[in-house]
Amino acid sequence: MHRHGYKGRKFGRERDQRRALVKGLATSLVEHGKIETTHPKAKELVRYIEKLITKAKRGDLANRRMVIAGLSTQSAAFKLVDEIAPQLKGRTSGHVRVVRTRVRKGDGTQMATISFVDELKPAGKETK
């Protein structure tokens, strides 16, 4: 069977499970700033999160709703749009980085860390 025109990885899961997996990984990345997962999952997450960050940088109502739909929790979506996206305005693409870390002992799978390229500053409380 040919591979032409088939984008994305299947991960041995059905479509709804794959979507939930990538959505959960994206939510964890936004909440924690850095996560460790398998290398193929990290590479697939890059495709997904880059599009969400681009929508979050626009920040209008329609794109904000798309970001909310693309992440598991509303608080993560608000954090991406209000805190993370303004700090990434200087870049047009390449917002996240994937670095291979170790080989998992149990099954020999290559692990990778995915994080934002720019150092994100935590939103501090403003004093008046």
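Each value in this text was obtained by applying a stated rule to the coordinates, not by laboratory testing. Bear in mind that the values here come from a model prediction, so they are computed numbers and not experimental data. Virtual Cβ from ideal backbone geometry, glycine too; neighbours counted across all protein chains shown.
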> Suppose R0 equals 22 Å; then what is the FRET efficiency for residue 83 and residue 46 from their Cβ-Cβ distance, rounded to the nearest 0.05?
Replying inline: 0.60
>> Could you give each residue of segment 76-85 its phi-based ³J(HN,Hα) in whole Hz, using Karplus coefficients 6.51, -1.76, 1.60 with θ = phi - 60°, and x for Gly or Pro?
In response: 5, 5, 5, 5, 5, 6, 8, 10, 7, 4
>> Let me check I have the definition right: for segment 15-116, take the eigenvalues of the Cα gyration tensor, multiply each by 5, take square roots. What are those semi-axes in whole Å, largest first?
In response: 25, 15, 10
>> Between residue 110 and residue 58, what is 0.36 nm times their sequence separation minus the Cα-Cα distance? Round to one decimal in nm.
In response: 15.2 nm
>> On a full-extension model of 0.36 nm per residue, what is the gain between residue 119 and residue 103, subtracting their alpha-carbon distance, rounded to one decimal in nm?
In response: 3.1 nm
>> Can you tell me the orientation of helix 15-32 relative to the chain, as the angle in degrees between its alpha-carbon axis and the longest Cα principal axis, to the nearest 10?
In response: 40
>> Explain nothing, just the number: dipole magnitude of the chain about its Cα centre with +1 on each Lys and Arg Cβ and -1 on each Asp and Glu Cβ, in debye rounded to the nearest 20.
In response: 420
